[in-house]
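Each reported figure results from applying straightforward, stated rules to the coordinates on display, with no laboratory input. This structure is a prediction, so every number in the text was calculated from the model and none was measured. Here the Cβ positions follow ideal geometry from the backbone for every residue, glycine too, while neighbour counts run over all protein chains shown.
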Amino acid sequence: MRSGSGLLFANPIPEAFAMDKAEIDVAIDLAVQEAAEQGFHGHSNTPFILARIKELTKGSSIPANRALIESNVTMAAKVAVELAKLRLLDAQQSKSERLHVVQSRRSKMPNDCSSFEIAPEAGTFMPAHPAEASEIQKVNPCALVAR
């Protein structure tokens, strides 16, 4: 589950709190234009625009914004729970795959190398038979420790 990519979730305002599109579009366009004209940018831009939209809509945008915030928090919590489940499943599968590789390697080792234990917390490889060392390291991220 190690991903170098990201996801964008579009979460609309719940319908019960949505404003008339034409009214809110005019307010947003005017607020954005005024922010640019007055030199607002960076971290001060959003507060200016939201305050100006509130003024232009005579406060009717507040319930819509609050509903959107609550909806975004709910969506974010659901995404976080599902992501945590996926990461846990990925970790469990990785551990299971590592153990399977070690067990299959064990069955292919010569008799004099059959006394191995899995020691994933050790983080190093210590095979009893040097000829097996490079092959095990390439395939198995778990540590092996001779008894």
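Summary table below
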item: Residues of region 11-59 classified as among the β-branched types (V, I, T), under 19 Å from I69 (Cα atoms) and surrounded by 12 or more Cβ atoms within 10 Å (Cβ to Cβ), total; result: 6
item: D20 vs. criteria touching a residue at least 40 places away in the same chain (Cβ under 8 Å) and charged (D, E, K, R); result: no
item: Where a residue in region 65-82 is farther than 15 Å from L7 by Cβ and its partner, wherever it lies, is in a helix (DSSP H, G or I) and among the aromatic types (F, W, Y), with Cβ under 8 Å and at least six apart; result: R66/F17; A67/F17; L68/F17
item: Search result, residues across region 49-101 that are hydroxyl-bearing (S, T, Y) and either over 17 Å from L30 (Cβ atoms) or part of a helix (DSSP H, G or I) (or both); result: S61, S71, T74, S94, S96
